[in-house]
Amino acid sequence: MNNADSPFQTSLIYGQRGAGKTTLMTAVANELSENPHWEVVNLVLDDDLLESLLAQLREKLEELKLFKDLDLKVAFKGIQVDKKMGRPTVSANFQTAFHQLLERFTQEEIRILITIDEVKVTPQLRKLISCYQIMLRDNLSVSLLMAGLSDNVSEIQNDDVLTFLLRANRITLNPLDAESIKASYARIFRDAGYEIAIPTLLCMTKQTMGFAYAFQLLGYLVWQAAESQSTKQVTLKTVKEIQDQYISALFRNVYHKVYHEMSMREREFVQAMVKTGQFQVKAQQIGQLMGKQPGYISVYRRKLIDDQIITPTGYVTSALCCLTLTSTSRNKC
C-alpha cells in the first residue's frame, strides 16, 4: 500500500468467521499508523458511515494542524448540524467535502487508509465506494481495505453499482499451515520457560485444524492451564484438561453462528458428512446418505466450498472447521 500504484490500494479480505480477517486488517492499520505519511480512518458499517468518515478526516487535519481559514469551510461544507438531534448529518455535498479534505492530505503527501470490517452491501457503502472511485481517478492519496465473509464480499463485487471492485485485490484467508502452528506453539511456550514435548505440540496442532481462531483460543487456554500448575511442563494432560472448555468456546463463539447461517440443504449436506465419521468424504457417499443425485449434490458442495465450510480434494470433500468437531472422538491425540 505504500506505493501509490500498488495493486493492494483497494483490497478485500475475505474468509470464514474466525479466519483472522479482522486481525489482519488491524495489523495492517496499526503498521501504517506508525508511518508519519499515513493516517488511518476506521469505519463501522452503519447509518453514520459517511458522517464518521468526514468527521474523522477533519479531526486528523486539526491534529496535524493543517487547517487554514478555507479548510474550516471545507470541513463543514458536506456536514450539516441537526440541532434537534445534536449530531452532524451528511448533505448532498458529501463527494465535494470528501474530495476537498483528501486534497489537503494529498498536498501534504499524507495518504489515507480507510478500513471497514464486516462489510455487506448497503446504500451508505455504495455511496462511499462510488465516491472513492472518483477520488482515485483524481489521483488523491487514499486507499481502501475492507473485510467480510465470502458471501458478502462476492455480493459487493457483483453489485451493479460496485463493479469497480471486481478489479480490487482479493486476499483469501485459507487455513493456517500445520507446521507453522506447531512451530509457533513451540516458540511461545519454550520462550516462556515451559517444557513442551513434540507429541503435545502435534496434539495441539491437530486440535486447531488450521483454523486461526482455534489456534489463538487453544493457545490461550493451554497457557492459562499451564500457569495454574506447579510445574513448568505442558503435557497432553494439560491439553485434555481444557478440552471441554475449548470445544464449548468454539461452538459458542463461531461454529453455532456458521451453522445457523447455512440453508437447510447445506445443513443436510454437512450432517451427511459428519455421519460418515471421516475427515474426507466422497461426493457419492454424501449423495447416498442424502438420497440425491450427483448434480443436486454438486450445487451445495460448490456453495459450501465457496463459503470455506468444506474444502475440495479431487473428488473427495474434506470438512474444514466445525463439522469435524461435532464428534469429539476425532480430537483425541
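In segment 238-261, what residues are within 18 Å of ASP307 (Cβ to Cβ), without any contact (Cβ under 8 Å) to a residue 60 or more places away in the chain and assigned to a helix (DSSP H, G or I)?
Answer for segment 238-261, where residues must be within 18 Å of ASP307 (Cβ to Cβ), without any contact (Cβ under 8 Å) to a residue 60 or more places away in the chain and assigned to a helix (DSSP H, G or I): HIS256, HIS260.
Considering segment 157-173 alone, what residues qualify as being polar (S, T, N, Q) and either in contact with a Phe, Trp or Tyr (Cβ under 7 Å, 6 or more places away or on another chain) or open to solvent by less than 20 Å² (accessible area, probe 1.4 Å) (or both)?
So the first thing to find is which residues in segment 157-173 are polar (S, T, N, Q), and the list is 157-158, 163, 169, 172.
Answer for segment 157-173, where residues must be polar (S, T, N, Q) and either in contact with a Phe, Trp or Tyr (Cβ under 7 Å, 6 or more places away or on another chain) or open to solvent by less than 20 Å² (accessible area, probe 1.4 Å) (or both): GLN157, ASN169, THR172.
Give me a count of the residues in segment 148-165 that are under 12 Å from the mean Cα position of the chain (by Cα) and of a type outside the set (S, T, N, Q).
Filtering segment 148-165 down to residues under 12 Å from the mean Cα position of the chain (by Cα) leaves 148-150, 152-153.
Still in the list and also of a type outside the set (S, T, N, Q): 148-149, 153.
So the answer is 3.
Testing SER154 on (1) open to solvent by less than 10 Å² (accessible area, probe 1.4 Å); (2) in contact with a strand residue (DSSP E or B) (Cβ under 9 Å, 6 or more places away or on another chain), one condition comes back false. Which one is that?
SER154 satisfies all of (1) open to solvent by less than 10 Å² (accessible area, probe 1.4 Å); (2) in contact with a strand residue (DSSP E or B) (Cβ under 9 Å, 6 or more places away or on another chain) except (1).
Can you find even one residue in segment 109-123 that is open to solvent by less than 70 Å² (accessible area, probe 1.4 Å), at pLDDT below 90 and out of contact with any strand residue (DSSP E or B) (no Cβ under 7 Å at 6 or more places or on another chain)?
There is at least one residue in segment 109-123 that is open to solvent by less than 70 Å² (accessible area, probe 1.4 Å), at pLDDT below 90 and out of contact with any strand residue (DSSP E or B) (no Cβ under 7 Å at 6 or more places or on another chain).
Within segment 179-201, work out how many residues are in contact (Cβ under 8 Å) with a residue 24 or more places away in the chain and open to solvent by less than 30 Å² (accessible area, probe 1.4 Å).
Counting residues in segment 179-201 that are in contact (Cβ under 8 Å) with a residue 24 or more places away in the chain and open to solvent by less than 30 Å² (accessible area, probe 1.4 Å) gives 7.
If a residue has to be of a type in the set (A, V, I, L, M, F, W, C) and either open to solvent by 80 Å² or more (accessible area, probe 1.4 Å) or under 16 Å from GLU109 (Cα atoms) (or both) to count, how many in segment 36-63 make the cut? Before you say what the answer is, go through the steps one by one.
Here is the first cut: in segment 36-63, the ones of a type in the set (A, V, I, L, M, F, W, C) are 38, 40-41, 43-45, 49-50, 53-55, 57, 61.
Next cut, either open to solvent by 80 Å² or more (accessible area, probe 1.4 Å) or under 16 Å from GLU109 (Cα atoms) (or both) only: 38, 40, 44, 57, 61.
Final tally of qualifying residues: 5.
Could you grab me the full set of residues in segment 285-316 that are farther than 26 Å from VAL153 by Cβ, assigned to a helix (DSSP H, G or I) and free of Cβ contacts under 8 Å to residues at least 24 places away in the same chain? Let's see the steps before the verdict.
The initial filter retains those residues of segment 285-316 that are farther than 26 Å from VAL153 by Cβ, namely 285-296, 314-316.
Narrowing the set further to residues that are assigned to a helix (DSSP H, G or I) leaves 285-290, 294-296.
If the condition is that a residue be farther than 26 Å from VAL153 by Cβ, assigned to a helix (DSSP H, G or I) and free of Cβ contacts under 8 Å to residues at least 24 places away in the same chain, then GLN285, GLY287, GLN288, LEU289, MET290, PRO294, GLY295, TYR296 are the ones that fit.
Which one of these is at pLDDT 80 or above and part of a strand (DSSP E or B): GLU39, GLU31, GLU62? Give the steps one after another, and end with the answer.
Numbers: GLU31 fails: part of a strand (DSSP E or B); GLU62 fails: part of a strand (DSSP E or B).
The unique qualifying residue is GLU39.
Can you spot a residue in segment 196-205 that is under 19 Å from PHE251 (Cα atoms) and within 21 Å of the chain's Cα centre (by Cα)? It would help to see each step written out before you state the result.
Here is the first cut: in segment 196-205, the residues under 19 Å from PHE251 (Cα atoms) are 204-205.
Retained after the next criterion (residues that are within 21 Å of the chain's Cα centre (by Cα)): none.
No, because not a single residue in segment 196-205 is under 19 Å from PHE251 (Cα atoms) and within 21 Å of the chain's Cα centre (by Cα).
SER263 is checked against (1) of a type in the set (Gly, Ala, Ser); (2) open to solvent by less than 20 Å² (accessible area, probe 1.4 Å); (3) under 21 Å from SER150 (Cβ atoms) and fails just one. What number does that condition carry?
Of (1) of a type in the set (Gly, Ala, Ser); (2) open to solvent by less than 20 Å² (accessible area, probe 1.4 Å); (3) under 21 Å from SER150 (Cβ atoms), only one is false for SER263: (2).
Do you know which residues across segment 293-322 are small (Gly, Ala, Ser), modelled with pLDDT under 85 and on the phi < 0 side of the Ramachandran plot?
Step one: list which residues in segment 293-322 are small (Gly, Ala, Ser), which gives 295, 298, 314, 318-319.
Checking the rest, the ones that are also modelled with pLDDT under 85 come to 314, 318-319.
If the condition is that a residue be small (Gly, Ala, Ser), modelled with pLDDT under 85 and on the phi < 0 side of the Ramachandran plot, then SER318, ALA319 are the ones that fit.
Take LEU176 and decide whether it is at pLDDT below 90 and either open to solvent by less than 40 Å² (accessible area, probe 1.4 Å) or assigned to a loop (DSSP other than H, G, I, E, B) (or both). Working first, answer last.
Numbers: at pLDDT below 90: yes; either open to solvent by less than 40 Å² (accessible area, probe 1.4 Å) or assigned to a loop (DSSP other than H, G, I, E, B) (or both): yes.
Yes, satisfied.
The values are calculated or read from the model by the stated rules, or taken from the named source; none is laboratory data. This one's a predicted model, so the numbers in the text were calculated from it and none came from an experiment. Because the Cβ atoms are built from the backbone with ideal geometry, glycine has one as well, and the counts that use them run over all protein chains shown. When the accessible area is computed, the model is the full protein with side chains, heavy atoms only, and any ligands, DNA or RNA have been set aside. Shrake-Rupley method; radii C 1.70, N 1.55, O 1.52, S 1.80 Å.
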